[in-house]
Amino acid sequence: MSDNDVMHIAVQAMILGAKLAGPILIVSLVMGFIISLLQSVTQVQEMTLTFVPKLVAVAVILLFMGNWMMHEMVAFTTEMIREIPEMIQK
């Protein structure tokens, strides 16, 4: 196994991590912005008003996109396991 192989696997893992975390982070960011905008307009500064809607939004995203996320992780893991014999021979 060469340095290039290790770097290729590391880059693939980071890309997969970004693909899986992206939707959750974007929804959380948008919800946080909307809630903070509403808080500044109404001048209601309550910590639970930011936490609960974000939690619900993330749960909904995981509910709808969890199957795709799991499929991507299983496909990546299967590909890594499939490449083990080739990596050993190098």
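Quick one: if you stick a label point 7 Å off each Cα along the C-beta vector at GLU83 and VAL56, how many nm between them?
Label at GLU83, label at VAL56, 4.2 nm between them.
Distance from the Cα centre of segment 61-90 to that of segment 20-38, in angstrom?
27
Would you kindly state how much longer the chain becomes between THR42 and ILE15 on full extension, computed as 0.36 nm times their sequence separation minus their alpha carbon distance, in nm to one decimal?
5.7 nm
Order the peptides 29-37, 73-81 from the highest to the lowest mean number of other Cβ atoms within 10 Å of their residues.
In descending order of packing, they fall as 29-37, 73-81.
Expressed in nm², what is the orientationally averaged projection area of the convex hull enclosing the Cα positions of segment 3-89?
Spelled out: convex hull of the Cα atoms, projected over all directions, averaged, 7.3 nm².
Is there a quick way to get the dipole size of the chain? I mean about its Cα centre, with the Cβ of Lys and Arg at +1 and of Asp and Glu at -1; what is the value in debye to the nearest 20?
260
What value, in deg cm²/dmol to 500, does the helix sum -39500 (n - 2.57) over DSSP H runs of n ≥ 4 give at 222 nm once divided by the residues of the chain?
-32500 deg cm²/dmol
Quick one: angle between helix 47-82 and the longest Cα principal axis of the chain, in degrees between 0 and 90, rounded to 10, please.
It works out to around 10 degrees.
Once both axes come from the Cα atoms, what is the angle between helix 3-42 and the longest principal axis of the chain, in degrees from 0 to 90, rounded to 10?
Computed tilt is about 10 degrees.
Taking Cα pairs under 8 Å and at least six residues apart, what relative contact order does segment 3-89 come out at, in percent?
34
We did not get these values from a lab; they are worked out from the coordinates using the rules stated. Just so it is clear, the structure is predicted and the values come from calculations on it, not from any experiment. Note: ideal-geometry Cβ built from the backbone for every residue, glycine included; neighbour counts use all protein chains shown.
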